[in-house]
Every structure is written in C-alpha cells, then in structure tokens.
C-alpha cells in the first residue's frame, strides 16, 4: 500500500467520526492550552522581574544594614549613616563610579486642597545617575541644595495625578507640602514604569540632608546604592566596599560584618530560578491533562481497532503488509494529536493574551513553548498510538475476516 494512500485512508477514518474524533482530541487541546498558558505566565513573570531590576539601574550594588545577633537572639538591624557613604567616596575606590545613600518613608503630601500618602525618598544628587532616572522637565537638586538643606523636590511622573493635577508638569515651580513643610517643585522625572507601591513614578525625591534634619528627623539611612564600573567589576567593587565599611565600623578580622552587600545580578538570578521553578511546577500540573488526553486517544484507537477488525482482515487479504496497517493506525493517532495540539496552541496563545489584556497579567509566549507544544503532541500520538496500531497489525487475516 502506497504511503499517500495510507495517509488518505487514515484521514478518512478520522473524518468518518467527527464528533468522536473531536471529543478524543479534546484532552490534548485542553492540555496543550494549559501548558502554553502556564509557560506564558512564567515567561512573562521572568521578563517583568528583569525589567524592574534594569529600571533600578545597571551595575548597581546595594548595601543594607545586617541583623544584629547576640547569643543567638535577634536584636534588630544594625545601622548605616551618611558617614559610611562618605567614607566610600573618600577612599576613591577604583571599581566604583557613584555612591548614593537613600532613606524613604511614606508621608502625607498636600498640594492646594488635595493630598495623598506617597513615598518620599531622601538621597544625594548621584541617585538619579545610579538608578538611570532622566529629568524630563526642570532640573535635579544639586550638591549645593544638599549642603544647604534646601526644601526642593523632584517629582515622579505620576505624582501630579495622585495629587489631583493634570500631570506632574502642572506642579513644576509650585509648592507642595510634605509633612506640613513647604517644598518647591524644581523638576519632574521621565516616566519609568513599574507597578505597585514601589513604582518610581509615584515617588518624591528630596535632598538627603533635608530629609534627615527637616522631615524624617534621623541620620540613619535605609541603604546605600553603589554603581560599579561595569558588570565585570562587581566582585572587585564588593571587595572594596566590604573593606572600607569594615574599617569604618571597626570590625576585627574574623568577626562577621554588620552589613550586607547585594548586586542586581544575584537578585535577577534568584528571581529567575524561583519563577522557573514555579513555571515547571505549573506546566507539570497542566501536563497531567495531556497524559489523560493520551490515554483517551489510546482507548478510542483500541475501540476503533475492534470496530474495524473485518476491514483490517480484508486489507490484509488484498495484500496489505503488517507495517502498512501499523502505519495507518499510527497516523490516525498522530492526526488526532497534531490537530488537537494546533487547536490547543491557538487556545493557549489566546488565553495568554486575554489574561494580559483583561487582567493586566504579564504574559509572554516564547517560540520554544510553541515548538515544545507541537513536539509533545507528536510524542503523545506516537506513544499512545503505537499499542493499538501494533494490535491491529498483528491480527490474522482469517480470524479478522470471521469477526462479527
């Protein structure tokens, strides 16, 4: 029997029972759609995390206070001050470009008769360079503003809307009150994007000395952002910062540091590994439906072999070889799986875009997921179709012809 004839007969058998073929392929359709959607969610989460970290700045190290433990008891966090940041600058490290201590708290911000509870961040002028912020209108505060403790503020692009204005540009040159203290708006940042309460577009930026002595009333900073020369300088920059701060804090050799140093690359790696784990977990759960769909195909193919026993006997009596019958039933199983896989792929992509459009979830359909879905459909068809196909091919012609 010619190969093209085998394919034609296999397709005719599938079309002869359209409803049964559709219900058989439904398990594959649902399984592929679920796998594609889950992988799209995982891929979207990874891209979102990467974009957020890139928005925070390139080649950035973050120094935070370590935990203060004594006798196995957690006594709270240690402290960092602007003196630590100044010590790093004064040491003139070779692998560090810029240093920016930061302190942040949520404060009541008032403009005219509108108010909102927003994050206010006190920092040095270098902060905008370290974290890749661009001043779209006006100017950033300067070293002179920092030394003079001037009451000036730079707004994120979305602050104006939070305060009832048309946009942040409408507030440029005007006065807003932070904790009842008047501040002149001198600049507006370009929109950077980001979701949630940590969005940089919804923050106000003031000189660090002003924040310490006029607004927050404390000299302790939350963290110190440090920009390394490049990604290859991370290790050297970490070593320099560690040596400077240990000397600054008078920590003896062998004693643990009272601060921690992290870089964006390690954070990105951690988040990627976490999202990959959840992606594989969710995709694995979704793949169970593929297994169920494959079992359904094997069951229907076994029924089909039983129903067409006399047909198999006639074909063999007319000269069809064992491998011809095997190939015919295997192609039928493959057709069901591949068609189901294509429909499932379309449904999965549609589901991923629907989640992105209607639920604002981050989804991304990777080309590898598409090839994986089609490949897995073929694998399911071969694996669950081989047994019924072999059973059909091994039927004896005389016995098959006598079957009622």
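The values are calculated or read from the model by the stated rules, or taken from the named source; none is laboratory data. The model shown is predicted, which means the values in this text are computed figures rather than measured ones. Heads up, the Cβs are rebuilt from the backbone with ideal geometry, glycines too, and the neighbour counts pull from every protein chain shown.
Structure summary
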| item | result |
| --- | --- |
| Residue that is closer than 15 Å to residue 82 by Cα, at pLDDT below 90 and surrounded by fewer than 19 Cβ atoms within 10 Å (Cβ to Cβ), where the choices are 219, 272, 195 | 219 |
| Any chance residue 235 is at pLDDT 90 or above and either outside any strand (DSSP E or B) or over 23 Å from residue 79 (Cα atoms) (or both) | no |
| Only listed residue being surrounded by fewer than 21 Cβ atoms within 10 Å (Cβ to Cβ) and either under 33 Å from the mean Cα position of the chain (by Cα) or modelled with pLDDT of 80 or more (or both), chosen from 79, 75 | 79 |
| Residue satisfying all of: in the stretch 166-182; over 16 Å from residue 122 (Cα atoms) and over 37 Å from the mean Cα position of the chain (by Cα); surrounded by the fewest Cβ atoms within 10 Å (Cβ to Cβ) among these | 180 |
| Qualifying residue in the stretch 88-103 (condition: assigned to a strand (DSSP E or B) and either more than 30 Å from residue 233 (Cα to Cα) or over 32 Å from the mean Cα position of the chain (by Cα) (or both)) | no |
| The stretch 14-32: number of residues that are in contact with a helix residue (DSSP H, G or I) (Cβ under 7 Å, 6 or more places away or on another chain) and farther than 23 Å from residue 348 by Cβ | 1 |
| Filter result for residue 235 (at negative phi, out of contact with any strand residue (DSSP E or B) (no Cβ under 7 Å at 6 or more places or on another chain) and in contact (Cβ under 8 Å) with a residue 24 or more places away in the chain) | no |
| Per-region count, the stretch 110-160, residues within 15 Å of residue 190 (Cβ to Cβ) and in a helix (DSSP H, G or I) | 5 |
| Residues of the stretch 139-165 classified as surrounded by fewer than 15 Cβ atoms within 10 Å (Cβ to Cβ) and either within 21 Å of residue 125 (Cα to Cα) or touching a residue at least 60 places away in the same chain (Cβ under 8 Å) (or both), total | 6 |
